[in-house]
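The values are calculated or read from the model by the stated rules, or taken from the named source; none is laboratory data. Since we're looking at a predicted model, the values are computed, not measured. Reconstructed Cβ throughout: ideal geometry from the backbone, glycine too, with neighbour counts over all protein chains shown. Quick note on the areas: whole protein, heavy atoms, side chains included, nothing else; ligands and nucleic acids left out. Shrake-Rupley method; radii C 1.70, N 1.55, O 1.52, S 1.80 Å.
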Amino acid sequence: RGSCPSCPTSCCVAGRAKPAASHAGSAAAASPATRRWRSWDPSLHRPPPGFNDKNEDKDGDSDKDGDNNTATDPPMTPQDASPDCRRSSSDTSRSTYSLTRRVSSLESRRPSSPLIDIKPIEFWAMGSKKEAVQPAVLRKPYVPADDYFHKFEPQLYSVDSSSDDVDSLTDEEILSRYQLGMLHFSTQYDLLHNHLTVRVIEARDLPPPLACDSSRQDMAHSNPYVKMSLLPDQKNSRQTGVKRKTQNPVFEERYTFDIPFLEAQRRTLLFSVVDFDKFSRHCVIGKVAMSLCDVDLVRGGHWWKALVPSSQNEVELGELLLSLNYLPSAGRLNVDIIRAKQLLQTDMSQGSDPFVKIQLVTGLKLVKTKKTSCMRGTIDPFFNESFSFRVTQADLQDASLVFTVYGHNMKSSNDFVGRIVIGQYSTGPPESSHWRHLLTSHRTPVEQWHSLRSRAECDRVSPASLEVT
């Protein structure tokens, strides 16, 4: 093994010495620039993928070769380095410093997510030529003031008494505006028996009838009565007697509503003053509505309230409770007339004397007629009578039952009160629903309340009504 006289360590292997260039490389590697390059860790300053630079490749190759040389050559003192070695050392240091600064700048600019090249919208190319593209601004067209006010419909904003807020007016203002008179009544709740007592006392200054008829004895006075109910339940109503030919009737009648106290506070007491007219429909003079939550029901009280116009021009005709049952084995259609309530009064002196006529119509042919007994002096009669009609299953689909309520009159023909038709030619949805339940549930009684209709309405919608008298 040989040794070099210029370096203290052995650098020759197997008795062969390296050339002078190798010693020059070793001396360069031992320079301060080389020691600074050895302290740099490439893993901490690795350039991003795809980074390609010719100077970086050149410097990388030279650094690689230098690294190999420094790994095998011993360090060399600066005094032993030749001018060529010092020149190559300065070039290497400049290259190393340039590479370090380039990598540091790249690391500082590297984002956390990939960079996306987004061009502004105004530089997008819309065709062969680049045009500025801007979003359109939606603006309402200008409408002149004259055209704007011409769109209003004056009739929708006209002053109408029916659209006024009556609750904001006092009784004096209501009386002077409508001139329909006043109603005197009282209320009190009985906590012991859980019922509300309503007393209808009197009415004052009711307006006279507007029409004149030579067939009537007195057209200068009305025949008033009062009908009351607890809204929203208008069916469970009460009605006073009719007072003959007076504009200041005195009723003095008491009525009781069985209702819990908390439920009564949620209701509204409605009074309707009606003018009785035997020869035409009854006319509603006016109404009074009072919310029971605004008064002390237990203590009670008396009130005078001014009447306001009512949107209901015609009073209800009453209700009828029926039960239907079909027996297919016997071919029998059983009808039960149970009761009626709040029938239209046809006699001023003692109320009505109502009875019900039942007529079976098959197709458009009257087959059978039956009627109940007459109930004297009442508008809430209890009949509880049963009737049976022979109807085969083949004829059941074409059958119709016509129920007509009359008021008995000894001096002339009976007074018509109301009518309904149940069957093939029903007079409305409730009647049709009752008939469908009968057809789908044989041998089972089907019970339902029905509101009576006028003769003209029944004749208009049901051909079966035209076949009966």
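Results, tabulated for the structure shown:
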| read-out | value |
| --- | --- |
| Accessible-area ranking of His450, His437, largest first, probe 1.4 Å | His437, His450 |
| Which of Cys283, Cys374 is most accessible, then next, and so on - probe 1.4 Å | Cys283, Cys374 |
| Two-site FRET efficiency, Lys365 against Met410, from Cβ-Cβ distance with R₀ of 35 Å, rounded to 0.05 | 0.60 |
| Label-point separation, Ile338 to Arg299 (7 Å along Cα→Cβ), nm | 4.2 nm |
| Distance between modelled label sites at Arg177 and Glu457, nm, 7 Å Cα→Cβ extension | 3.0 nm |
| Anisotropy class of region 244-324 from Cα gyration tensor, a/c 1.5 cut | oblate |
| Estimated FRET transfer efficiency (Asn248, Leu169; beta-carbon r; R0 30 Å; 0.05) | 0.80 |
| Theoretical gain in end-to-end length, Glu467 to Arg390 [0.36 nm per residue, Cα-Cα removed] | 25.8 nm |
| In Hz, Karplus ³J(HN,Hα) per residue of region 453-466 (6.51, -1.76, 1.60; θ = phi - 60°; x = Gly, Pro) | 10, 6, 5, 5, 5, 5, 5, 6, 10, 10, x, 5, 5, 6 |
| Added length on full extension, which subtracts the Cα-Cα distance from 0.36 nm per residue, His184 to Gln397 | 71.3 nm |
| Mean accessible surface per residue for region 334-424, computed with a 1.4 Å probe while every protein chain stays in place, in Å² | 43 Å² |
| Computed accessible area, Thr444, all protein chains, 1.4 angstrom probe, square angstrom | 70 Å² |
| Unsatisfied cross-links (Cα-Cα over 19 Å) in the set Lys245/Lys411; Lys243/Lys287; Lys341/Lys365 | Lys245/Lys411; Lys341/Lys365 |
| Residue order for Leu175, Leu466, Leu230 - accessible surface, 1.4 angstrom probe, largest first | Leu466, Leu175, Leu230 |
| Label point distance in nm, Thr197-Asp258, each placed 7 Å from Cα along Cα→Cβ | 1.8 nm |
| Summed side-chain charge close to Glu202 - residues other than Glu202 whose Cβ falls under 14 Å, Lys, Arg +1, Asp, Glu -1 | +2 |
| Solvent-accessible surface (1.4 angstrom probe) belonging to Arg267, in square angstrom, nearest 10 | 40 Å² |
| Accessible surface of Glu467 - all protein chains present, 1.4 Å probe, nearest 10 Å² | 80 Å² |
| Largest-first principal axis extents, alpha carbons of region 270-418, Å | 61, 39, 27 |
| Phi to ³J(HN,Hα) by Karplus 6.51 cos²θ - 1.76 cosθ + 1.60 over region 316-323, Hz, x for Gly, Pro | 6, 8, x, 10, 9, 9, 10, 9 |
| Positive minus negative residues near Pro260 (Lys, Arg vs Asp, Glu; Cβ under 15 Å) | -2 |
| Paramagnetic label zone (point 7 Å from Cα along Cα-to-C-beta, Ser329; backbone N under 12 Å) in region 444-459 | none |
